[in-house]
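Contents: one structure, followed by commentary.
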Amino acid sequence: MPLEKPAHIARELASHGYTADREAITLLARAGDTAGSLALAVEATPDGALKLTKEDVREALETRPEGRRDPISEAEPPSADTETPPREESATTAAGGDRGGKPDEGDGQDPLVSTGTGGDRTEDGNGGSPLETEGSSGITAGSETGSEAPNGIGQTAETAGAGTGVTDEEATRTADPSLRSLEVENDMTGYSTGTGEYGDFVSTFRDRYERLAGTLRGRVNHRNATALEASPGGGDAGMVGMISDIRSTASGHWLVELEDTTGTFPCLVMKDKEIAGLVEELLYDEVIGVEGTLSDDGGILFVDDLYFPDVPRTYEPSTADRHVQAALISDIHVGSQEFVADAWSEFASWLHTPEAADIEYLLIAGDMVEGVGVYPDQDEELDVVDIFEQYRTFSEHLKEVPGDIEIVMIPGNHDAVRLAEPQPGFDEELRGIMTAHDARIASNPALVTVEGVSVLMYHGVSLDEVIAELPEEKANYDEPHRAMYQLLKKRHVAPQFGDHTRLAPEAKDYLVIGEVPDVFHTGHVHKLGWGKYRNVLSVNSGCWQAQTAFQKSVNIDPDVGYAPILDLDTLEMTVRKFT
Ligand code: D5M
Ligand code: FE
Ligand code: ZN
């Protein structure tokens, strides 16, 4: 394998325990006698340093003895763009936006990733929107992006690939770290106060209720449960409460019991009302508002209108002030026999190419490793059986990623942190293993603001629950973004407590979606899907793990080796496929 390719240099460095800036890699790729230069650069790197900088490489090359130069490669420096680009599959834009309310409305136009690999596709298979493509090498398909269209019709398109015309200047383009900004909010790492006592659950639910009720009270003419109970019958009434029970009555109507801080009150949704269709979207423990009329005896509220905390229809996301991109991935599952190391390496290699020069951030939404004892019989499919060894191996793979990319990681259900949500970020021991890149480690969930764009990162265990509980057309594994829309609508990442989703009681409910994010990023279900709900771009990244025996048994066909790339200045998406 020729060492000159940037990817190979990165891998070679990773094997020595180093990450490297892209510019350092480019310099090495251009230098003759790459192996010798690499050895010199490593020697020139200060003891204890984990990252090879361009200065280290320059210093090494300047002091290189003449005899070690390679006249052939100096005459024809291999450039980064001679490397075979990854096979790219389709990429379309998150078209859609707010189409007037319910998450399912207009979703027929949400782009779906198709698997075509041809370089001359002109449609995204999604309503005939014209898209141009541009092959990156003439061999493989180009990536495609489309700009947002309000209704999926008449999308314009632009190409994303750097193409064949990349010059050496572009190849060495470097990021200016002083332009970057990255803040993490709602990170509960180190702030867990819960003892698991009953009182902690009361605090969590109270906080959830107060914060979500706050968004509903202005919209609903409400009274509390005790006041409603004391009311004489008849007349208009409303309530804001947490769902404590949902039952169908003998005559097919729905009895929804709402709870607030004063008590509970029964609310009846008649089956022939239009809003009856919303009942199938309801989950236990979510907070809603209702309005209607009190029965003559005052004992029940007949519901005419039902409100979710929701995202305001007028929500306008923020964008970055410059053209810069973030890759949104998850579910790497290092340590599993099904971890697809080749696809990962191809992705990491591609990040070193000029095409990926604008990618300055990498967000990883959980399941770095396969873990141990997560599911029954999981040990039969483990490649690395020791959890710390899994993280060490993961860390080695992460070193293949350019050293100048800012990384944010949150844990998932396979990671070695507590399973109950919110999950604190990795402990000191694991951080010590994953020191490369100096990644930002936060809790699951966490709100990460990247150059003004707020990204709510959540691993996504509750998506299984939303998909199991809601009708197929509202949430399914093939369109995981729709399940995400439901979480946005409920303004809570894991509303229903007690089934798949385990909750760790804390003084505050960190799972409430307090501030509306500009982007919502999840993983877990190993399916790729994205779309916009009321202007909030929802992206479920695929995974880097091929189908497991369990997934085969239940017909889960994972989307493996996809890297959704987000333009932070336009909030447009491109998806790259690596095999
Ligand atoms: O889970 C990936 C997806 O597969 C997610 O939708 C849960 C489901 N899954 C995977 N293995 C199991 C088992 N053994 N039981 C139930 N559900 C499972 P992840 O947790 O990311 O591996
Ligand atoms: Fe996973
Ligand atoms: Zn998971």
Test result for PHE347, within 16 Å of ligand 3 (Cβ to nearest atom), closer than 29 Å to LYS552 by Cβ and assigned to a helix (DSSP H, G or I): no
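Evaluate the following for GLU451: is it touching a Ser or Thr at 6+ places or on another chain (Cβ under 7 Å), surrounded by fewer than 24 Cβ atoms within 10 Å (Cβ to Cβ) and charged (D, E, K, R)?
Yes: the conditions hold for GLU451.
Can you name every residue in the stretch 401-420 that is of a type in the set (A, V, I, L, M) and over 27 Å from GLU451 (Cβ atoms)?
Within the stretch 401-420, ALA416, VAL417, LEU419, ALA420 meet the criteria.
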Out of the strands (runs of 3 or more DSSP E) lying entirely within the stretch 489-579, which hold 3 or more residues that are away from ligand 1 (no atom under 16 Å from the Cβ) and either at pLDDT 95 or above or crowded, with 24+ Cβ neighbours inside 10 Å (or both)? 529-533, 536-540, 562-567, 573-577
From the list SER462, SER454, which residue is hydroxyl-bearing (Ser, Thr, Tyr), within 16 Å of ligand 1 (Cβ to nearest atom) and either farther than 30 Å from LEU52 by Cα or in a strand (DSSP E or B) (or both)? SER462
Just to be sure before I move on: is SER336 more than 30 Å from ASP358 (Cβ to Cβ), crowded, with 22+ Cβ neighbours inside 10 Å and within 16 Å of ligand 1 (Cβ to nearest atom) in the structure I sent? yes
Go through (1) in contact (Cβ under 8 Å) with a residue 40 or more places away in the chain; (2) closer than 26 Å to ILE275 by Cα and name the single condition VAL184 misses. (2)
Here the residues within the stretch 354-398 that are part of a strand (DSSP E or B) and either farther than 22 Å from VAL455 by Cβ or away from ligand 3 (no atom under 16 Å from the Cβ) (or both) are ILE359, GLU360, TYR361, LEU362, VAL369, LEU382
I'm checking my understanding of the structure. Among residues of the stretch 340-395 that are hydroxyl-bearing (Ser, Thr, Tyr) and closer than 20 Å to GLY460 by Cβ, which one is farthest from ligand 2 (Cβ to nearest atom)? TYR361
Pick from the stretch 451-492 the residues that are within 16 Å of ligand 2 (Cβ to nearest atom) and free of Cβ contacts under 8 Å to residues at least 60 places away in the same chain: which of them is nearest to the chain's Cα centre (by Cα)? MET484
From the list GLY214, GLY238, GLY199, which one is closer than 29 Å to ARG313 by Cβ and without any contact (Cβ under 8 Å) to a residue 40 or more places away in the chain? GLY214
Please indicate, with yes or no, whether at least one residue in the stretch 437-447 is within 16 Å of ligand 2 (Cβ to nearest atom) and farther than 17 Å from ILE364 by Cβ. no
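Any chance the stretch 429-439 includes a residue that's under 24 Å from GLY335 (Cβ atoms) and within 16 Å of ligand 1 (Cβ to nearest atom)?
The answer is no, given that none of the residues of the stretch 429-439 is under 24 Å from GLY335 (Cβ atoms) and within 16 Å of ligand 1 (Cβ to nearest atom).
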When residues of the stretch 403-425 are limited to those that are in a loop (DSSP other than H, G, I, E, B) and within 16 Å of ligand 2 (Cβ to nearest atom), the one farthest from ALA348 (Cα to Cα): LEU419
Of the residues THR314, THR319, which is without any contact (Cβ under 8 Å) to a residue 60 or more places away in the chain and within 30 Å of VAL453 (Cα to Cα)? THR314
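The values are calculated or read from the model by the stated rules, or taken from the named source; none is laboratory data. Since we're looking at a predicted model, the values are computed, not measured. Using ideal geometry, Cβ is built from the backbone for each residue, glycine included, and neighbour counts are taken over all protein chains shown.
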